[in-house]
Amino acid sequence: MKIIAFVGMPASGKSEAARIAAEMSIPVINMGDVIRKEVLRCGLEPNDSNTGMVATQLRKCEGMDAVAVRCISQIRDAGSDLVVVDGVRGIAEVECFNREFGEGFILISIYAPIEVRFSRVQKRGRSDDMNSIEGLRNRDERELGWGMGEAIEASSIEIENNSTLETFKKDVIEVLSNYLGKNPVE
């Protein structure tokens, strides 16, 4: 079993890469869904502040790898030799997946400059998005506090996402195809 996880700062393109994987018929587990589900379970509005608070609290109470631990059964239940995980947020999660899946775990970082990321945030309209570049910087700092920087450094592959969606899609397909063992699809 191979697990390909995407890591990167908020709005770098992790979810877009996961969407591309899904189009390639690769099962996708979204780590953010674990947090969003917990926010709703707590009866909170799913905004950036509440999402961040719940994510931080979950890590404080259950450990910095809490979200990864909650995803392991979903990954195993996917019933596929290749699964994509969207949204690693810290080095503890990387270490958890490494312990669980060993050499079958592949970490890919996605990079985009903050100005490009904020432009994307303004267009995507998720309830937990920030409405200013300062809000994005604050979210960056929060996630860096969870070990995001170390997780990004631990990646074995980096995909730059600072051009067109078409270019990014081509790059993601090329990388994922290496693990599917077949030629890239157009």
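A few comments on the model shown:
- Per-atom-type breakdown for region 104-169 gives carbon and sulfur 48% of the accessible area (1.4 Å probe, protein chains only).
- Identified option (computed Cα extents along the principal axes in Å; candidates [x] 43, 35, 28; [y] 55, 36, 30; [z] 42, 42, 32): [x]
- Among the GluC sites (Glu not before Pro) within region 77-138, not one is in coil by DSSP while having at most 16 neighbouring Cβ atoms inside 10 Å.
- Gyration tensor (alpha-carbon) shape descriptor, region 115-183, a/c threshold 1.5: oblate
- Residues of the chain: accessible area per residue with a 1.4 Å probe, Å²: 50
- Carbon and sulfur %, accessible surface of region 1-96 computed with the full protein complex present, 1.4 Å: 52
- Fully extended contour minus Cα-Cα distance, from Ile133 to Met1, at 0.36 nm per residue: 43.6 nm
- Counting lysine pairs in region 1-141 that sit 8 or more residues apart in sequence, or on different chains, and whose Cα atoms lie under 23 Å apart gives 4.
The values are calculated or read from the model by the stated rules, or taken from the named source; none is laboratory data. Nothing here was measured: the structure is a model prediction, and the numbers come from that model. A quick note on method: Cβ atoms are made from the backbone with ideal geometry, for glycine too, and the neighbour counts reach across all protein chains shown. Protein only, heavy atoms only, side chains kept; ligands, DNA and RNA dropped before computing areas. Shrake-Rupley method; radii C 1.70, N 1.55, O 1.52, S 1.80 Å.
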